[in-house]
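Trainee: Before we start, here is the structure in question, set down as structure tokens.
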Amino acid sequence: MSNMSIETVTPFSSIRIDKDALTPIYLQIAEAVGSLLGSGVLPPGYVLPPERVLCEQFGVSRMTLRQAMGLLDREGLVDSRRGIGTVVRPSRLRKQQQELRSFSEEIRERGGRPESRMLSLVLATPSATLREFFGLREDQKVYEIKRVRLNNGEPLALEIARIPERLCPRLERFDLAKSSLYRLLEETYGLTLESCSEEISAEIPNSECRKLLSLPARTAVLVVNKRAYARDGGPAEFTRSVYRGDRYSALVHSVRKTKSILKTNREATTDGTGELT
């Protein structure tokens, strides 16, 4: 083995494979390499050693190694690129569903540097759906703010926010490429957003979105439609955000209500007289 191969495989020298364990060997490899990725030892863009080198390191066949790498690929941790090899992917930003934060607040909370690139800010006639949501008359308009949102200089999301003109008159006088919209609403217009509902779905991006977000081929996007409400309960914002699927994920916390479930199960197993059926 060449000196270059020895240096390249050094981060993996601590991995030990137990061929007598019940856990499949490919799974042991995937979990061990995944731990290295999670610890930051292997930074984004790092190219893993060639198959031959790793097979020698772990003492496994190429088929076993490919099973492990395939699992890491499906988990979104690595990416197999023709002519380059297996590359470590950047970690995804996870959206915490229990907190209502602006894009800038969310990025800063995770140690990133938020930026915006303004595409347009116009007064528009709302669709029937938006008019109904905001409770607008036919002659009332909404501000439509279209921006590319970036994290550490990399495009992360294409965002279209809509807010009734009556809530923030003359909004166009502010530079929303440099200012946080939520902070502006709070400090200038006295409008505090307190709650929201979000609908999340996966989609195939159109050509405009793919270009604006510099999306790799065959990359899906995560679409978040957010309806936000002010402290008085009135609807204040409707935003459609299209996130890069390879850089962003949503984390939702759920709680199992044991008492309700037990009650439902009890009712389902009794007849009208209260006897078990």
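Trainee: Obtain the nm distance between the two label points defined at Lys178 and Glu194 by a simple spin-label model: each point lies 7 Å from its Cα along the Cα-to-C-beta direction.
Mentor: Computed distance between label sites Lys178 and Glu194 equals 3.4 nm.
Trainee: Using a 1.4 Å probe on the protein heavy atoms only, what accessible surface does Val60 show? Give it in Å² to the nearest 10.
Mentor: 20
Trainee: What number comes out for accessible area per residue over the stretch 102-169 if the probe is 1.4 Å? Units Å², please.
Mentor: Solvent-accessible surface per residue comes out at 49 Å².
Trainee: If we count every other residue with Cβ under 9 angstrom of Leu119's Cβ, Lys/Arg +1 and Asp/Glu -1, where does the sum land?
Mentor: On the way: positive: Arg117, Lys146, Arg147; negative: none.
Local net charge: +3.
Trainee: Here's another thing I want to ask about it. Just read off the accessible area of Val87 with the full protein assembly in place, 1.4 Å probe, to the nearest 10 Å².
Mentor: 10
Trainee: What net charge is computed for the residues neighbouring Ala30, neighbours being all others with C-beta under 12 Å from the C-beta of Ala30, Lys and Arg scored +1, Asp and Glu -1?
Mentor: Once all neighbours under 12 Å are counted, the net charge is -1.
Trainee: On to the next question. Please compute the net charge surrounding Glu237, taking Lys and Arg as +1 and Asp and Glu as -1 over other residues with Cβ under 12 Å from its Cβ.
Mentor: Details: positive: Arg162, Lys226, Arg227, Arg240; negative: Glu144, Glu159, Glu194, Glu198.
Here the count lands on 0.
Trainee: For the stretch 91-197, just say rounded, prolate or oblate: build the C-alpha gyration tensor, square-root its eigenvalues into a ≥ b ≥ c, call rounded for a/c under 1.5, and beyond that prolate if a/b exceeds b/c, oblate if not. Can you show the working numbers first?
Mentor: Working: a/c = 1.85, a/b = 1.65, b/c = 1.12.
Prolate, because a/c is 1.5 or more and a/b exceeds b/c.
The values are calculated or read from the model by the stated rules, or taken from the named source; none is laboratory data. From a predicted model like this one, the values you see are computed outputs, not experimental measurements. Glycine also receives a Cβ, built like all others from the backbone with ideal geometry; neighbour counts cover every protein chain displayed. These area figures cover heavy atoms from the full protein model, side chains too; ligands, DNA and RNA do not enter into them. Shrake-Rupley method; radii C 1.70, N 1.55, O 1.52, S 1.80 Å.
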